[in-house]
Amino acid sequence: MRQSLPAANMPGGDLPIERITDVPVPVGVSSTALAGAAFAAVRIATGFLWYQAIFFKLPGHTTGFHTELLAVARYAWMPGYGALVRALLVPSPNDIIFSYLIFFLEGLIAISLLFGVLARLGALVGMLWAAQLFIGLAYSPDTWAWSYGMLVMLNALLALLAAGRSFGVDRWLRPRMLRAAEHGHQLAYWIARAE
C-alpha cells in the first residue's frame, strides 16, 4: 500500500513513500520480536565488551592496569581527578587491591548484561563506570576519545530501555518480583525496579 505524504516544505512535492508498517517481515516473526532480538544482541555485545575488559585486571597480572592508572593520573581532564588517582590508587599495594575491586565490578556488569540479570542496574553501573573511564582516559594519546563516551551512551540506553527484558533472565524474573511486591515484599519491589 502506498500513500502520499503532505508536501509541506518538502522538495519534490507529493512523493509516494512506503509506510514503515508495509516493510515485509518474515512469516511468523513480528517486528517487535525482531526489535527485541536486535536489542538483546546489543546488550549481549556490550556485556561481552565488559567481559573482555576484566582480563586487563586479572589479579596477579596487573602491569597493564598499573600503566592505565598512570595514564589516568596524567591525562584526566577533570581538575583534581588525576591527582586523586595518583595519591590513592597508584601507590602499591593500593593498585593491586583496586584491581581486584575493578575485576569484580566489571565482572558483575558483564554477567548482568550477558544474561540480562538485573540488566537495568548493571547498565546503570556500567554507565557510571564508563563515565569515570571517560573522565580519566579520554585525552590519553593511546585512546580514541569517544570510545568511552560511546560506552557511556550505550550503557545509558540499555539502562533506560530495560534491556534484560528482551531475551534475558529479567523477562522471567520481573513478573514474579512484581507479584511478590504486591504482597508487600520490599526487596522484590527493588529487584523489579532494578531489572
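Points worth noting:
- Any hit, region 111-133, residues being farther than 17 Å from ALA37 by Cα, outside any helix (DSSP H, G or I) and modelled with pLDDT of 90 or more: yes
- Selection within region 151-184 - small (Gly, Ala, Ser) and assigned to a helix (DSSP H, G or I): ALA156, ALA159, ALA163, GLY164, ALA180, ALA181
- The one condition from (1) of a type outside the set (Asp, Glu); (2) modelled with pLDDT of 90 or more; (3) outside any helix (DSSP H, G or I) that PHE103 does not meet is (3).
- Of the residues making up region 134-141, none is surrounded by fewer than 18 Cβ atoms within 10 Å (Cβ to Cβ), modelled with pLDDT under 90 and over 23 Å from ILE102 (Cβ atoms).
- Residue match in region 186-194 (condition: in a helix (DSSP H, G or I) and at pLDDT 90 or above): no
- TYR148 under 28 Å from THR32 (Cβ atoms), among the hydroxyl-bearing types (Ser, Thr, Tyr), touching a helix residue (DSSP H, G or I) at 6+ places or on another chain (Cβ under 6 Å) and in a helix (DSSP H, G or I): no
- Qualifying residue in region 74-92 (condition: closer than 17 Å to ASP142 by Cβ and either modelled with pLDDT under 85 or surrounded by fewer than 16 Cβ atoms within 10 Å (Cβ to Cβ) (or both)): yes
- Residue count for region 46-70 under the criterion of being out of contact with any Ser or Thr (no Cβ under 6 Å at 6 or more places or on another chain) and part of a loop (DSSP other than H, G, I, E, B): the result is 4.
- Count of residues meeting criterion [under 29 Å from LEU101 (Cβ atoms) and either free of Cβ contacts under 8 Å to residues at least 40 places away in the same chain or of a type in the set (Asp, Glu) (or both)] in region 36-54: 2
- Within region 145-170, the set of residues being within 15 Å of ALA41 (Cα to Cα) and either among the basic types (Lys, Arg) or surrounded by fewer than 13 Cβ atoms within 10 Å (Cβ to Cβ) (or both) comprises ARG165 only.
The values are calculated or read from the model by the stated rules, or taken from the named source; none is laboratory data. Computed from a predicted model, the values in this text were never measured in an experiment. Positions of Cβ are generated from backbone atoms using ideal geometry, with glycine treated the same way; all protein chains shown enter the neighbour counts.
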